[in-house]
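Working notes, beginning with the structure itself.
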């Protein structure tokens, strides 16, 4: 199956998978805990929507390579990519509160995408990306982590 873009029409698909995640879901690879995943997902959307500041750390030549790999290479390597700490978020809340934060972030992304799909926001390593581009990357990212926990 190909990538399911994150947009209004597919929001229920991603929310159902999110609802299948449990506090005790066993990970198949990596070091994230279920609540850590929720905080990571929320943080990723906050960065995407520029609700949190981030610094452009992209290198022009590598930016093109990273964008290509992130967009076209499937599946993403399991447990091989360590993201910077600013992508991790703070999993201080309870599990259900963190799940609600992710759902709210998914909704905010869909609203922003509907309002302006060509809006560009900064990814620290990939540079400026349109929300239309982000919908694919987020679809891949969500699928990767839901598979990590078997949901």
Over segment 31-54, the set of residues free of Cβ contacts under 8 Å to residues at least 60 places away in the same chain, within 18 Å of residue 135 (Cα to Cα) and either within 14 Å of the chain's Cα centre (by Cα) or surrounded by 19 or more Cβ atoms within 10 Å (Cβ to Cβ) (or both) is 43, 46
Restricting segment 112-132 to residues that are crowded, with 19+ Cβ neighbours inside 10 Å and in contact with a helix residue (DSSP H, G or I) (Cβ under 7 Å, 6 or more places away or on another chain), the one nearest to residue 29 (Cα to Cα) turns out to be 126
Taking segment 109-132 and keeping residues assigned to a helix (DSSP H, G or I), within 23 Å of residue 56 (Cα to Cα) and out of contact with any strand residue (DSSP E or B) (no Cβ under 9 Å at 6 or more places or on another chain) leaves 109, 113, 132
All-but-one check, residue 68 against (1) over 16 Å from the mean Cα position of the chain (by Cα); (2) farther than 14 Å from residue 146 by Cα; (3) modelled with pLDDT of 95 or more, failing number (3)
query: If you go through segment 83-97 one residue at a time, do you hit one that is at pLDDT below 70, out of contact with any strand residue (DSSP E or B) (no Cβ under 7 Å at 6 or more places or on another chain), farther than 21 Å from residue 18 by Cβ and surrounded by 12 or more Cβ atoms within 10 Å (Cβ to Cβ)?
result: yes
Note on segment 1-30: residues farther than 17 Å from residue 105 by Cβ and without any contact (Cβ under 8 Å) to a residue 12 or more places away in the chain are 1, 2, 9, 24
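The values are calculated or read from the model by the stated rules, or taken from the named source; none is laboratory data. Being a predicted model, the structure only gives us computed values, none of them experimental. Neighbour counts run over all protein chains shown; Cβ positions are idealised from the backbone, glycine included.
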